[in-house]
4 protein chains.
Amino acid sequence: MKQEIHVGIIGAGRIGRLHAAHLMHRIEGARLTAISDVRLEAAQECADQLGIPGVFQDHRRILDDPQVQAVVICSSTDTHASLIAEAAAAGKHIFCEKPIALELKRIDEALAAVEAAGVKLQVGFNRRFDANFRRIWELIREGTLGDIHMLRITSRDPAPPPIDYVKVSGGIFLDMMIHDFDMVRYLAGDEAEKVFAVGAVRIDPEIGRAGDIDTAVVTLQFADGCLATIDNSRRAVYGYDQRVEAFGSKGMVNAENEVPTRLRLSTGEGVREDLPLYFFVERYTESYLAEMRAFMDCIRDDTEPPVTGQDARVPVVMGKAARLSYEQNRPVALSEIQ
Amino acid sequence: MKQEIHVGIIGAGRIGRLHAAHLMHRIEGARLTAISDVRLEAAQECADQLGIPGVFQDHRRILDDPQVQAVVICSSTDTHASLIAEAAAAGKHIFCEKPIALELKRIDEALAAVEAAGVKLQVGFNRRFDANFRRIWELIREGTLGDIHMLRITSRDPAPPPIDYVKVSGGIFLDMMIHDFDMVRYLAGDEAEKVFAVGAVRIDPEIGRAGDIDTAVVTLQFADGCLATIDNSRRAVYGYDQRVEAFGSKGMVNAENEVPTRLRLSTGEGVREDLPLYFFVERYTESYLAEMRAFMDCIRDDTEPPVTGQDARVPVVMGKAARLSYEQNRPVALSEIQ
Amino acid sequence: MKQEIHVGIIGAGRIGRLHAAHLMHRIEGARLTAISDVRLEAAQECADQLGIPGVFQDHRRILDDPQVQAVVICSSTDTHASLIAEAAAAGKHIFCEKPIALELKRIDEALAAVEAAGVKLQVGFNRRFDANFRRIWELIREGTLGDIHMLRITSRDPAPPPIDYVKVSGGIFLDMMIHDFDMVRYLAGDEAEKVFAVGAVRIDPEIGRAGDIDTAVVTLQFADGCLATIDNSRRAVYGYDQRVEAFGSKGMVNAENEVPTRLRLSTGEGVREDLPLYFFVERYTESYLAEMRAFMDCIRDDTEPPVTGQDARVPVVMGKAARLSYEQNRPVALSEIQ
Amino acid sequence: MKQEIHVGIIGAGRIGRLHAAHLMHRIEGARLTAISDVRLEAAQECADQLGIPGVFQDHRRILDDPQVQAVVICSSTDTHASLIAEAAAAGKHIFCEKPIALELKRIDEALAAVEAAGVKLQVGFNRRFDANFRRIWELIREGTLGDIHMLRITSRDPAPPPIDYVKVSGGIFLDMMIHDFDMVRYLAGDEAEKVFAVGAVRIDPEIGRAGDIDTAVVTLQFADGCLATIDNSRRAVYGYDQRVEAFGSKGMVNAENEVPTRLRLSTGEGVREDLPLYFFVERYTESYLAEMRAFMDCIRDDTEPPVTGQDARVPVVMGKAARLSYEQNRPVALSEIQ
């Protein structure tokens, strides 16, 4: 059996509960010993359901436990940066949900704290661990596609989040497209130089009144000439649309959506297939598992996490550049964003 | 330009008109000079529409024309054998729609007449000329699939023919499955030894009262151990279902149905694709063209027709064996059929 | 949390280890307390890996434990019937891998023991729990497909088992096609009346020398006129081929193979998709989980198991009828098999 | 039979020969009486092959023929505008290949001549007549997709044209993407307001030395908030890639590429499907036919052509705006282009 790593989770919301269930039962060598939440009853309910021994309101109880080697931060975004700093100071390895913060200064402080403490930090860009996108990454790295000329990422949610969430989300570029910015960097293996963003309010005028948009298309230019487009919509009536295309000098690869069954139903009306898996919990279950296994492995083997602090920072820069581009209706160089 | 071959058509029904249109406009080197039909007005209407110069009630007017080198027989099945004999006696090359006759004796007489006259005879098993099935044939011949272990043919019509047609059709095995018997021979490149047929009346009790069935599954065994199944239905509500699968030691190939567009429509209800092309006229247009081009070529080049008299005879034997198997509920050897 | 059911596993081979992993971690309300194997080291290794407290060579140690409510029998086929009888006598609910036995008399004795003891017996026809096939079952039950006219099951393994296994397997009809016999009954919701089987040795002459065949096609007739075909091959070079088609008066449904990714790779060579998931462990992981959850539920809720003793018996009858049909080259009525 | 319209073709290059073959044989009611080419032997060869009676070096011989009602202009682009003016002056209805000219002034002069003469002008944006794209247009018009939020057009050639052609082509935006500009207008049913273009030389440095690019991505914004992207590549190794996606409030539709067969070949290497039809002649055969039939119909019925002079002009404006955007690296309003 693998050497056990004691883990605590901070934050018992939807994603915290998901990681908790995985860490309890499906990740060999992980031992989830405690969970905390500012709403104690949330932590309690999760602990009862899964049988987690430690339940706290105050996350410091987890950080103070010398047996805990690693923490998984799933609290609200505004707490990420300070929790990272605290956890680093306590000598814990850190897995943190994205984004670390919406302000670069706070991100940099968090990364500095991690650096100073010499602990590991992995950020929750789980989609890199999806079997489809990982395979595209491999096809690119193996050279099967030749030089990459164009990348295309489609990322559309089945339904917009509550308007109260939209208001504090940081906007579509930092809240939703940030995953796609990570994906485009991951696949390109390079940094974008310029971003051009267009957008519109097409789904819900409330989103517009909150100062945000719900539909966006971004074009990116990379140093080597690679061009990329990302499109986002807050509502695709047919469900969670998560497709990627990479086009290169030797070929193209497309990742189609994952579906619950492989049935084809032919009636007088047409030939019908299943809609995509409904949303991220269904679509990315395996990638959430894989990222957490990778986090455990990098602690155990003392290797670099597969998603680093820099990987946490750059997509925020890209999101800010995209927002600026959208506002000023001009291409924006990433170097403009400090 | 290719050397012109003067052609006459006997029979101005649906399939006769289809061949007429092709011969007038889409087959280089063919010159359609006359059409006849026992219903003169049918021939006249077709001739008017396409501009065919000669129009007759009596097909002998075509056979008597020394300029006509070839005839295309599209009249009712019961006339095929005697028309072949007449045309052969007149020294015309012959393209005849399937089947030549429902009785082996009459087929043999017709083939003997062709043999005696030294003319060419091609039979209208057009599906061999479909791009999909032709490519499967090639994949088998090239060895891409290795030894063929199993063949599977699905052939389902969108709607049953009129009951008056059913009554004189010869039954599902000789009227409908005969195309599939030809296909399985074509693909296997070998003769079946035994046939086992099951069937049922599931679509229209009238078909049962006419002594026929509307749903059938046939299993065939070939000398080399290859196993094949054919299934037929007189009504698939989703349209004309024409699929073939070949499974061998090195791989499998499937021919899916042809569709009018390649659209995928995703709504809240599901992902929808087009139904198959509706029926044989739509589905096999190109194969009707290709078979007629091949007929013109074999005359011009003095080569053997790609579908021979023997190819016309064996499927009738298979159909009779299948009928006997169905009636006696036992496997029947093709050698039992005289 | 669900009420816990204490479970023991008898047999620590491949399928036993698979159920053990599921029962330890992925089935809420199951508590795996012991595992036994005649090869003690096999049980020990599995227990060590998963942390199962009880490890025995003698399965009676499990049956004697009054806390154990249910046993999962994964030992070799020849032990199934007697273990069922023993477990029933000990008052344990029983999950048994298929088949119970190759002889009907032994099956009947086992079922009688279960009946006498009033315990539950579920048989491991896991494919019924696959999301694809379950959905086909629903579409049929809901009436979406109308009356079912034809069923088609393709079941091909990626590679034949070792020849020593083939020799004691009971033959392709009882060892491999038995799953398909179960599936056809499950989907048809009815019993077949007649079976006709053809087969051949195409893959490995050793299989022929062992008195078995490696390629088989079976036609089944149901009372209501539904026709079904099943084809099996011991080796499909492209992997585990598990497809089902149901054709009815209102439509058709096809279950295509499950694949590891949804990528389409376009190069100068063609457009390429993934091969099917390699074999049953990969393909049916979720269905193994689902059947075990259903077993736990039927104990907890005191309901009838979703796969009953009768469901265990009939496919053996079908397999014997198919073998007889193959040997005598004639259709065999199920009623002939005693 | 339909009333016959006498037609002459000016220009016997590839596209001229294609229209000639269609007009001779496959378009009921068209009578192709003459063809001209500045290279007389090109016209002669085409006429010989197809049996066109009139063959000229000087197109005025066609324009002077009072029986000719319509001309089809397939000569080199630089001659289109003056030929339109001449043909209009001669009172002929005009079908002209795209583009009319690369300069707006010349286009406007040609359109004015057409206007003054009261003849019909249809421009050769054939892709509108493709069954796939036409069906998308219908789905949008019928409201099946709801409000359109995003359009996406992928248009990639199998191989770049000769470098000498590239040099006089007007550049990728006016030579290649012009078809996509037409398509996006056709589908959106609206005019774009702003264009942003990025591009690169990735395929052949010679193209760069000729002042052009070979890879381009354009983003368009429409008045109603609809966002569109078009991507072009001069070389997709897997063949002619012609896909369209429309995403709206009620659904999405995707047009996949057309393929020569519907085969799926499964071997140990993967599951392989056919590459797309190789290039425009193969891919758009039916749409070339359909546009010409529509042209004949609009003359016969005295209705407006389905692709008008305005439809010829706007894509040139869009191409110029895209070029300016690319050069200045900023979004360009279409209103900037005079």
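The values are calculated or read from the model by the stated rules, or taken from the named source; none is laboratory data. This is a predicted model, so every value here is computed, not measured. When we count neighbours, we look across all protein chains shown, and the Cβ atoms used for this are built from the backbone with ideal geometry, even at glycine.
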- prompt: When C:Q221 is evaluated against the numbered criteria (1) within 8 Å of chain B (Cβ to nearest Cβ); (2) closer than 26 Å to B:S249 by Cβ, which criterion, by number, is the only one it fails?
  reply: (2)
Cross-chain or 6+ apart pairs with Cβ under 6 Å, segment B:151-175 first and within 14 Å of chain C (Cβ to nearest Cβ), then of a type in the set (G, A, S): B:L151/B:A228; B:L151/B:A246; B:R156/B:S233; B:R156/B:A236; B:P158/B:G239; B:I172/B:A216
message: Please verify whether A:L83 is more than 17 Å from A:A290 (Cα to Cα), crowded, with 18+ Cβ neighbours inside 10 Å and within 14 Å of another protein chain (Cβ to nearest Cβ), treating the condition exactly as stated.
response: no
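Each row is one residue, and each column tells you yes or no for (1) more than 24 Å from C:K120 (Cβ to Cβ); (2) touching a strand residue (DSSP E or B) at 6+ places or on another chain (Cβ under 6 Å); (3) in contact (Cβ under 8 Å) with a residue 60 or more places away in the chain.
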position: C:A255; (1), (2), (3): yes, yes, yes
position: C:P276; (1), (2), (3): yes, no, no
position: C:E282; (1), (2), (3): yes, no, no
position: C:T308; (1), (2), (3): no, no, yes
position: C:P315; (1), (2), (3): no, no, yes
position: C:E336; (1), (2), (3): yes, no, no
query: Of the residues A:V201, A:V237, A:V195, which is closer than 27 Å to A:S335 by Cα and of a type in the set (A, V, I, L, M, F, W, C)?
result: A:V195
- request: Would you check if B:I136 is of a type in the set (V, I, T), crowded, with 23+ Cβ neighbours inside 10 Å and not in a strand (DSSP E or B)?
  value: yes
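For segment B:95-137, which positions are of a type in the set (A, V, I, L, M, F, W, C) and within 12 Å of B:V307 (Cβ to Cβ)?
The first filter runs over segment B:95-137 and keeps only residues of a type in the set (A, V, I, L, M, F, W, C), leaving B:95-96, B:100-102, B:104, B:107, B:110-114, B:116-117, B:119, B:121, B:123, B:125, B:129, B:131, B:133, B:136-137.
Correct list: B:F95, B:C96, B:I100, B:L121, B:V123, B:F125, B:F129.
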task: Would you mind telling me which numbered condition in (1) within 14 Å of chain B (Cβ to nearest Cβ); (2) surrounded by 17 or more Cβ atoms within 10 Å (Cβ to Cβ); (3) not hydrophobic (A, V, I, L, M, F, W, C) D:T77 fails?
output: (1)
query: Does C:D204 meet the test of being surrounded by fewer than 23 Cβ atoms within 10 Å (Cβ to Cβ), modelled with pLDDT of 95 or more and outside the structural domain of C:I178 (by TED's automatic domain parsing)?
result: no
- line: Sole miss for C:G189 among (1) at negative phi; (2) free of Cβ contacts under 8 Å to residues at least 60 places away in the same chain; (3) away from every other protein chain (no Cβ under 11 Å); (4) small (G, A, S) is condition (1)
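If you check B:I140 against the conditions, is it in the same structural domain as B:V281 (by TED's automatic domain parsing) and modelled with pLDDT of 95 or more? Spell out the reasoning first.
Values: in the same structural domain as B:V281 (by TED's automatic domain parsing): yes; modelled with pLDDT of 95 or more: yes.
Taking the combined requirement at face value, the residue satisfies it.
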task: Look through segment A:108-133, keep the residues that are within 14 Å of chain C (Cβ to nearest Cβ) and in a helix (DSSP H, G or I), and return whichever of them is nearest to A:T303 (Cα to Cα).
output: A:F129
- request: Go through segment A:181-212 and give me each residue that's in a loop (DSSP other than H, G, I, E, B) and under 23 Å from A:A223 (Cβ atoms).
  value: A:G189, A:D190, A:E191
query: Just wondering, is there one or more residues in segment C:260-283 that are more than 13 Å from chain A (Cβ to nearest Cβ) and among the hydroxyl-bearing types (S, T, Y)?
result: yes
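Return the residues of segment A:29-47 that are of a type outside the set (A, V, I, L, M) and either at pLDDT 95 or above or surrounded by 15 or more Cβ atoms within 10 Å (Cβ to Cβ) (or both); say none if nothing qualifies. Explain how you work it out, then say what you get.
Narrowing segment A:29-47 to residues of a type outside the set (A, V, I, L, M): A:29, A:31, A:33, A:36-37, A:39, A:41, A:44-46.
Result: A:R31, A:T33, A:S36, A:D37, A:R39, A:E41, A:Q44, A:E45, A:C46.
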Subset of segment A:259-289 [modelled with pLDDT of 95 or more and either farther than 29 Å from C:R243 by Cβ or among the β-branched types (V, I, T) (or both)]: A:V259, A:T261, A:T267, A:V271, A:Y288
query: Out of all the residues in segment D:7-23, is one or more surrounded by 20 or more Cβ atoms within 10 Å (Cβ to Cβ), hydrophobic (A, V, I, L, M, F, W, C) and farther than 27 Å from B:H22 by Cβ?
result: yes
statement: Listed by first then second residue, the pairs whose first member lies in segment B:135-147 and is facing chain D (nearest Cβ under 10 Å), whose partner is surrounded by 14 or more Cβ atoms within 10 Å (Cβ to Cβ) and part of a helix (DSSP H, G or I), with beta carbons under 9 Å and at least 6 positions apart or on separate chains, are B:I136/B:L187; B:L145/B:I136; B:L145/B:L139
- line: By residue number, the members of segment D:36-73 that are touching a strand residue (DSSP E or B) at 6+ places or on another chain (Cβ under 6 Å) and either hydroxyl-bearing (S, T, Y) or within 24 Å of D:G118 (Cα to Cα) (or both) are D:S36, D:H59, D:I62, D:Q67, D:V68, D:Q69, D:A70, D:V71, D:V72, D:I73
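Filter segment D:168-180 down to residues that are out of contact with any Lys or Arg (no Cβ under 8 Å at 6 or more places or on another chain) and assigned to a helix (DSSP H, G or I) and give me whichever is modelled with the lowest pLDDT.
In the first step, residues of segment D:168-180 are kept if they are out of contact with any Lys or Arg (no Cβ under 8 Å at 6 or more places or on another chain); the result is D:168-170, D:175, D:177, D:180.
Still in the running and assigned to a helix (DSSP H, G or I): D:168, D:175, D:180.
Numbers: D:V168: 92, D:D175: 95, D:D180: 98.
Per the criteria, the residue is D:V168.
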message: So, in segment A:192-218, exactly how many residues are of a type outside the set (A, V, I, L, M, F, W, C) and more than 10 Å from chain D (Cβ to nearest Cβ)?
response: 8
statement: Filtering segment A:207-247 for residues that are of a type in the set (G, A, S), at pLDDT 95 or above and over 27 Å from A:D274 (Cβ atoms) leaves a count of 5
statement: Selection over segment A:1-21 where residues are in contact with a strand residue (DSSP E or B) (Cβ under 8 Å, 6 or more places away or on another chain) and at pLDDT 95 or above yields a count of 11
task: Determine, yes or no, whether B:Y165 is over 28 Å from B:S335 (Cα atoms), outside any loop (DSSP other than H, G, I, E, B) and touching an Asp or Glu at 6+ places or on another chain (Cβ under 9 Å).
output: yes
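Name the one entry in A:L32, A:L18, A:L23 that is assigned to a strand (DSSP E or B) and either touching a residue at least 40 places away in the same chain (Cβ under 8 Å) or in the same structural domain as A:E86 (by TED's automatic domain parsing) (or both).
A:L32
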message: Criterion first (within 16 Å of the chain's Cα centre (by Cα), on the phi < 0 side of the Ramachandran plot, modelled with pLDDT of 95 or more and among the hydroxyl-bearing types (S, T, Y)) does A:S82 satisfy it?
response: no
query: Take the residues of segment C:224-259 that are within 22 Å of B:N257 (Cβ to Cβ) and of a type in the set (S, T, Y): which is farthest from the other protein chains (Cβ to nearest Cβ)?
result: C:S249
